[in-house]
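Visitor: One structure, as C-alpha cells, below. Some questions next.
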Amino acid sequence: MTTTLPSSSFINMNAPDSFLVCCFYTDSYRDHAMSLKQSLDDFNLNYYFKEVEDAGYWEANTRIKPHFILECLQQFSEKDILYLDADALVKKPLDYFNRIVADVAFYKTKGMPGMSHDYLASTMFFKNTNNTTKLVEQWITEQVNGKRTQVDQDSLDVAMDKLGDTLTVEPLNPGYIKIFDKNYDGEVYIEQYQASRGQTKLKRKNIRTRNRIIGLGVLVVIAIIAYSIFS
C-alpha cells in the first residue's frame with residue numbers, strides 16, 4: 001500500500017526488493033516526479049519521494065542531493081538506496097539492483113569526450129554500508145565553503161578521489177542512465193529526461209551579467225575614443 005506522508009512525501013514499501021528508490025523534488029519538478037512515481041508503481045518498486053524547498057537556482061538545488069541520500073541511508077537502514085533524479089522514468093524491471101554486492105554502483109564518465117565530471121549523479125546505487133555512509137558524508141563535507149556555482153558532481157568527484165580506494169565500486173551499465181536524446185543500442189532500464197536544461201542556472205546568469213558589463217565597457221571606450229577624435 002502506498003502511504004502519503006506530510007510535506008508532500010510518498011512512500012511504498014510493499015515490494016520484496018532489497019533496495020528502495022529515493023527521489024527528492026522541488027515544486028518546479030513535481031510533474032516529473034509524479035511521472036517517475038507512476039513508472040515505479042507500474043513495476044511495483046519500493047520508493048520514497050520527498051518534496052523540498054527550492055533553493056533559488058539549479059546549482060544550489062543539486063547540492064541538496066547528498067544530504068537527502070544520507071537521510072535515506074539512515075532512515076531506511078534495512079534497505080539499499082537507489083537514487084534517481086526526478087526527471088527519470090523506469091522502463092524495465094530493476095532486479096539487477098538486488099544482486100549488487102559492491103558498496104556503490106555509478107556510471108563512470110572520466111576521460112569520455114565532452115564529459116566535465118568523473119561520474120554521472122542522476123542514477124546512483126548505494127549499498128547500506130559504513131563505507132557508503134562515509135562517502136556520502138565526505139560528499140557533503142566537500143560542499144562546505146564551495147562556490148555558489150558548485151554542483152553535486154563537483155563535490156562527488158572530490159569525495160571519490162579521497163575515499164574511492166576504501167570502496168568497492170561497480171560500473172553502472174549505460175542502460176540504467178540513458179539520456180533520452182542520446183543514441184544507445186542496448187536495453188534501456190532507466191531513462192533520464194534532462195529537465196535541468198530548462199532550469200535557471202546561476203553560472204549561466206553570471207556569464208550573461210559579465211558579458212553585459214564587458215559589452216557596456218567596450219561601448220564606453222568606443223564613445224570616449226570617438227569623442228576624442230571628433231571633438
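Visitor: Between GLN75 and MET34, what is the label-to-label distance in nm when each label sits 7 Å out along the Cα-to-Cβ direction?
Guide: In this crude spin-label approximation the distance works out to 2.0 nm.
Visitor: Given the Cα-Cα distance of ASP27 and LYS182 and 0.36 nm per residue of separation, how much length would full extension add, in nm? Spell out each step's value before the answer.
Guide: Details: separation 155, 0.36 × 155 = 55.80 nm, distance 2.71 nm.
Working it through step by step, the gained length comes to 53.1 nm.
Visitor: Please report SER122, SER8 as a ranked list, fewest other C-beta atoms within 10 angstrom at the top and most at the bottom.
Guide: Values: SER122 23, SER8 14.
Ordered by Cβ neighbours within 10 Å, fewest first: SER8, SER122.
Visitor: Taking the beta-carbon count within 10 Å as an exposure proxy, list SER116, SER9 from fewest neighbours to most. Walk me through the numbers before you get to the answer.
Guide: Values: SER116 10, SER9 14.
Sorted ascending by nearby Cβ count, the order is SER116, SER9.
Visitor: Counting other Cβ atoms within 10 Å, keep those with at most 12, restrict to DSSP loop, and tell me which trypsin sites (Lys or Arg not before Pro) in the stretch 127-161 are left.
Guide: Details: sites: LYS127, LYS134, LYS147, ARG148; in loops: LYS127, LYS147, ARG148.
Qualifying residues, ordered by number: LYS147, ARG148.
Visitor: Which of LYS92/LYS162; LYS147/LYS182; LYS65/LYS91; LYS65/LYS182 have a Cα-Cα distance over 32 Å? Walk me through the intermediate numbers first.
Guide: On the way: LYS92/LYS162 34 Å; LYS147/LYS182 30 Å; LYS65/LYS91 23 Å; LYS65/LYS182 24 Å.
Pairs exceeding the cut-off: LYS92/LYS162.
Visitor: Let me ask something else. Excluding LYS65 itself, what net charge comes from residues whose Cβ is under 13 Å from its Cβ, given Lys and Arg +1 and Asp and Glu -1?
Guide: Overall, the nearby charge balance is -4.
Visitor: Same structure again: Would you mind calculating the gained length between ALA102 and ASN130 on full extension (0.36 nm times residue separation, minus the Cα-Cα distance), in nm to one decimal?
Guide: Values: separation 28, 0.36 × 28 = 10.08 nm, distance 1.23 nm.
Contour length minus Cα-Cα distance gives 8.9 nm.
Visitor: Order these by the 10 Å Cβ neighbour count, fewest first: ARG99, ARG30.
Guide: With the sparsest Cβ surroundings first, the list reads ARG99, ARG30.
Bear in mind these aren't lab numbers, they're just calculated from the coordinates by the rules spelled out. Given the structure is predicted, the values throughout are model-derived calculations rather than measurements. FYI the Cβ positions are ideal-geometry reconstructions off the backbone, even for glycines, and counts take in every protein chain you see.
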